[in-house]
1. Does the stretch 58-75 contain any residue that is part of a strand (DSSP E or B) and open to solvent by 40 Å² or more (accessible area, probe 1.4 Å)?
2. Are any residues in the stretch 126-138 under 24 Å from Gly286 (Cα atoms) and not in a loop (DSSP other than H, G, I, E, B), and if so, which ones?
3. Please verify whether the stretch 31-39 includes one or more residues that are open to solvent by 30 Å² or more (accessible area, probe 1.4 Å), in a helix (DSSP H, G or I) and closer than 13 Å to Phe95 by Cα.
4. For Asp144, only one of the following conditions fails: (1) open to solvent by less than 30 Å² (accessible area, probe 1.4 Å); (2) outside any loop (DSSP other than H, G, I, E, B); (3) not aromatic (Phe, Trp, Tyr). What is its number?
5. State all residues of the stretch 76-124 that are of a type in the set (S, T, N, Q) and either within 24 Å of Asn481 (Cβ to Cβ) or not in a helix (DSSP H, G or I) (or both); if no residue qualifies, say none.
6. Just for the stretch 435-455: of the residues that are β-branched (Val, Ile, Thr) and open to solvent by 10 Å² or more (accessible area, probe 1.4 Å), which one is nearest to Arg57 (Cα to Cα)?
7. Look through Val129, Val118 and report the one residue that is in contact (Cβ under 8 Å) with a residue 60 or more places away in the chain, open to solvent by 40 Å² or more (accessible area, probe 1.4 Å) and either of a type in the set (A, V, I, L, M) or farther than 24 Å from Arg233 by Cβ (or both).
8. Quick check on Arg93: is it surrounded by fewer than 17 Cβ atoms within 10 Å (Cβ to Cβ) and either at positive phi or not small (Gly, Ala, Ser) (or both)?
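The values are calculated or read from the model by the stated rules, or taken from the named source; none is laboratory data. None of these values were measured; they are calculated from a predicted model. Methodologically, a virtual Cβ is constructed for each residue, glycine included, from the backbone with ideal geometry; neighbour enumeration extends over all protein chains shown. Just the protein is used for accessible areas: all its heavy atoms, side chains included, with ligands, DNA and RNA removed. Shrake-Rupley method; radii C 1.70, N 1.55, O 1.52, S 1.80 Å.
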Amino acid sequence: MNAELERLEAVIDTSAIARRVELLLPVGVRPRQLSVRTLLTGMLLIAVQARPAHLRRVHQALLALEASDQQRLGILTEWKTGPHLLTYRQVERTFALLTRALAKPTPDGTPSELLSEVLDRLLEASVTVLGEPDSKSYAIDWTDHETWSRPPHKPRAEHPEPSPTDPERPTRDSASASASADDQRCADPEASWGHRRGNHPGQKDEAFYGYYLQAATTVRDEHRPPVPELARRMHLASCDHDPPGAFVPVLQRMTASGIQVADVLADSGYAYRIPKTWALPVRALGANLIVDLHPNDRGPHGTHMGATCANGRLYCPATPTALLDISPLPRGASAEQTAAHDQQCNDLAKYKLSPITRHDHDGYHRAICPAAQGKIRCPLRPASITLPYDHPTILTPPEHPPACCQQQTITVPPTVNAKTAQKHDYPSPEHRHSYNRRTGAERTFSTIKDPATNDTSRGWCRITGLTGIALLTATVLIARNLRIHDAFTARQAENERRAAHGLPPKHRKRRRQTTADLITAAHAPP
């Protein structure tokens, strides 16, 4: 048995799902030749070999194994008529029984509890076999996952598809879950219309028919060395269901299994949701949110006991408006622009009401006035006037001081900045450097959509139905974890070898071409 096959079987055995699922399948008069464990092994084989997820290729991968492995896995068995080799119909039959056992009795576009458990155990088993990274931070994102099925001829006008950036985006109800006559003619009734957006120049937004795939990727902790970015959890659901709200149960199952979640990094697509569907449940798990705020959520938004609510923090009522309206640092900013932006963020932090207590079990904490803390000079705090003049000075305090100016500390309930509060001040340099780790989620999806390896674009999988697609997608993420871990281990070994010889670590080649590079190349002599 080769090492790769041994590692794949170790993942399946560590997950301990093959035996459990096998007990759920019906028992016929004649025992099935293909077991669930062998079927999962074949699915992982084609994923590692970067082949399309077709059952025909699963059959071919199993037949390509050595004779000893075929006999051990039950691919080649002894019948009354002599040796019998596994047929394609047996692969198709076992896969149909497997998906039927894991699917919901009434499909609604979301995975069943049993399917979710199977997906969690498979991905967690790959992390266990490879070695759990020394990190408690996870980058989360979603991407389009187009189905092989063609969409219905006419989309239902009575149930238009809402935008995925809508914070009040509703979920599928009983009325919209009932399939219309056009949906009955669709080979994949669980799929629905979704929206995908590209950031590349010239790439336009478009609608697609399929599912939203989400993944939680392990990234390094703050101020810690890099770790292999392994996909630890996934979720696949119809586009009718809001992705952020659907991923909260996945994080809850992670913490319930003993996995500590310290930092959760997500883009504005998650941060823009209403607090009860994303921010509040994630904070209840003890996790710190590090998100990019939506443009509609930036800047001042209301007050609490007189203090200004802005960018997830409370600030002095006399804070200059120009500081409250600071935007994130634009991409490609020069060193001078970066230094000026960081200085503005440092000036804004001096007006912040800093927390002085931890959040209690109800989500409450206390914050102190910046003048009482000695960060600014304010006439309402006589002791602060003795501070040096390099501290900001409040020249025109409020005529009728609010509670935050009359008290040294105030109580902040969880309803204040419930949507925008996060670990670091937004958009401070600390937040920018910490949020840069979120690109690990982008790399996860780019590696499973790479034409050179596993390209999960339409046609990669010709299975319809959420259960079958989710199982095959999980095998791709496991194969991707194996590649990422092997590449990370080889890179670390190379750096150690170079360090032993007094050489600096090897840097990756710069592949990005700028506009200046293109202009220079255009005017270069032939």
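1. Going through the stretch 58-75, the residues part of a strand (DSSP E or B) turn out to be none.
Looking through the stretch 58-75, none of the residues is part of a strand (DSSP E or B) and open to solvent by 40 Å² or more (accessible area, probe 1.4 Å).
2. Listed by number, the residues that qualify are Val127, Thr128, Ser137, Tyr138.
3. Our first condition is that a residue be open to solvent by 30 Å² or more (accessible area, probe 1.4 Å); within the stretch 31-39, this holds for 31-32, 35, 37.
Right, trim to in a helix (DSSP H, G or I) and you get 37.
Pick out the ones that are also closer than 13 Å to Phe95 by Cα and you get 37.
Scanning the stretch 31-39 turns up at least one residue that is open to solvent by 30 Å² or more (accessible area, probe 1.4 Å), in a helix (DSSP H, G or I) and closer than 13 Å to Phe95 by Cα.
4. (1)
5. Matches in the stretch 76-124: Thr77, Thr81, Thr87, Thr99, Thr106, Thr110, Ser112, Ser116.
6. Within the stretch 435-455, the first condition is being β-branched (Val, Ile, Thr), and the residues that meet it are 439, 444, 447-448, 453.
After this cut, where a residue has to be open to solvent by 10 Å² or more (accessible area, probe 1.4 Å) as well, the list is 439, 447, 453.
Working: Thr439: 33, Thr447: 21, Thr453: 16 Å.
Here the answer is Thr453.
7. Numbers: Val118 fails: open to solvent by 40 Å² or more (accessible area, probe 1.4 Å).
Checking each option against the conditions leaves just Val129.
8. Numbers: surrounded by fewer than 17 Cβ atoms within 10 Å (Cβ to Cβ): yes; either at positive phi or not small (Gly, Ala, Ser) (or both): yes.
So Arg93 passes the test.
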